[in-house]
1. Which order results if 231, 433 are arranged by neighbouring Cβ count within 10 Å, fewest first?
2. Taking a ≥ b ≥ c as the square roots of the eigenvalues of the Cα gyration tensor of the chain, is the shape rounded (a/c under 1.5), prolate (a/b larger than b/c) or oblate?
3. Roughly how many whole Å is it from the C-alpha centroid of the stretch 383-413 to that of the stretch 464-480?
4. Taking a ≥ b ≥ c as the square roots of the eigenvalues of the Cα gyration tensor of the stretch 241-315, is the shape rounded (a/c under 1.5), prolate (a/b larger than b/c) or oblate?
5. Measuring from centroid to centroid over Cα atoms, what is the spacing of the stretch 282-331 and the stretch 611-657 in Å?
6. Classify the stretch 74-311: rounded, prolate or oblate, from the alpha-carbon gyration tensor (a ≥ b ≥ c, eigenvalue square roots; a/c under 1.5 rounded; otherwise prolate if a/b is larger than b/c)?
7. Return 662, 646, 82 ranked ascending by Cβ neighbour count within 10 Å, so the fewest neighbours appear first.
8. Of 639, 110, how do they rank once you tally other Cβ atoms within 10 Å and put the fewest first?
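Since every read-out is calculated from the coordinates, none of them should be taken as a lab result. Quick caveat, the model's predicted, so the values are computed rather than measured. Every residue, glycine among them, receives a Cβ derived from its backbone with ideal geometry; neighbour counts consider all protein chains shown.
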């Protein structure tokens, strides 16, 4: 594979994993199994290690995969909420133990906890009272869902005993299978589609704005990670036991294990016994028990070095493949879906499974009418793993993959080197139109939080929007057709006014965010910002040739070609013109607010967590003082700005290349006046 192919592959994997993260954490509608996700993540990690120059600064290998919900207030975490490294292999578990023992030189004591399949949450208690509950989000900030979490009956809102005056404790919100089944029985009785699995319902419940509705959901919680500025305990187990004594619910299955052999005994026991539990668990979390040793081991950029999750292998069942249908994603990607004879697997009824792409159908040689083996990968998403060829009917026919879009009948395309087929009708295919509008109104783009997925579906249903520019033509009268057709029996003026006010307010959103919101392929947040700064306005960008685009820092041929192709379409030119006429920002504002040229000609790589500013703020400070930032260490890097828990690979490469390592204090001192720099941060965002 040459470097050009690697660059394309890295970009594809990066976008694919970001999409899966969005579906899992934000939509609570995962599309692939944990096992498949981990395989893709490891492939991306390998390619990025070999070709760091092609790595996305916001690669899924570097950031926590969660997401934020526009319906809730976003708050910064007081301490980062990190992911866990995971494995399906006992051998890798022994390797983990060996790495830990290198630090101690002796046998290590671990805590083993069942990994409950739910939604991660962080709780804050002050003087024994629950004051805040925050979701994982992106690990740096999360959604404040305090009022929703207070509806959980098993959660203590007021503690008793000799509790600490101020602390944070993290855990998992989940749903027992009986509660889930009862909820589904009620939905079926009403003629509604049943929910897919308990994890999705638990996650989705925390995102409902109606507290009374959340209270109807049979949610439960278990807590497993204690944090405070001054912890009076020496071990993790002592901290959790203390929390339990104050009235907080912790997992009774937790066990202290000495050495890896005792860990394996625990794993083998629960691999069988988990099916007798009232809730779903997909593995075991193993943590170093001694808190001082945890501190000594530290973190990578994404995960703690003192903990790992072991995932149980999946179970399988056999059933009949009844049909293959095809779904269209927001980018036009086509996904074949197996429609199955319903089969019971790990507590839920499986009726559908992803077939991923044409290559997978060909690899499996799966045919309609076949008896197929189905696994529930990661205990969540069903996947066809094989065919029982002994049961195949003599007259079965090989699957002919569709040639036209099932939504708009446009002929599909398949780019060289890509596994997926695509519908190229991005401006006329309903799922793509809706997806583009959802992207445009999202928090990081135009931030029109009054327009959610349901509102977009409604506007599209009544032919009021075909593209993002149509949003700016909406008036109060536009909703009359919806009001009549939907037979609104209550006053919905507030709903309409919120949408219109949100649209009007979005006209003040910066050019770079509007550019990101257009959804040009490969133009993410970072690229949009660089383009906005480099060209200054939409007109200059739209007329830029390939040479001019490639001259911009971090813009390669693939991105340049995509930009030229996008602006080359007449309908996109008309779209931009309409947005301009609507009053959206078409040029950069405040670029001249550059603070100094102190860092001019210098390139920085940022890694780790900082106390004086966030990573985004560090990047803004560097750029505002004339410097450049990059996502990977190379011979062109001048400084590695190192925070707590920085990536060891970056540090090792920086050392081998002779790149200077600096702290956040060093950076502020280089700028000459730490106080002034800090005060000026507010003008940058």
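1. So the ranking, lowest neighbour count to highest, is 231, 433.
2. Rounded.
3. Centre-to-centre distance over Cα atoms comes out at 39 Å.
4. oblate
5. Here the two parts' Cα centres lie 29 Å apart.
6. Working: a/c = 1.92, a/b = 1.34, b/c = 1.43.
Cα axes put the stretch 74-311 in the oblate bin.
7. 662, 82, 646
8. Ascending number of Cβ neighbours within 10 Å: 639, 110.
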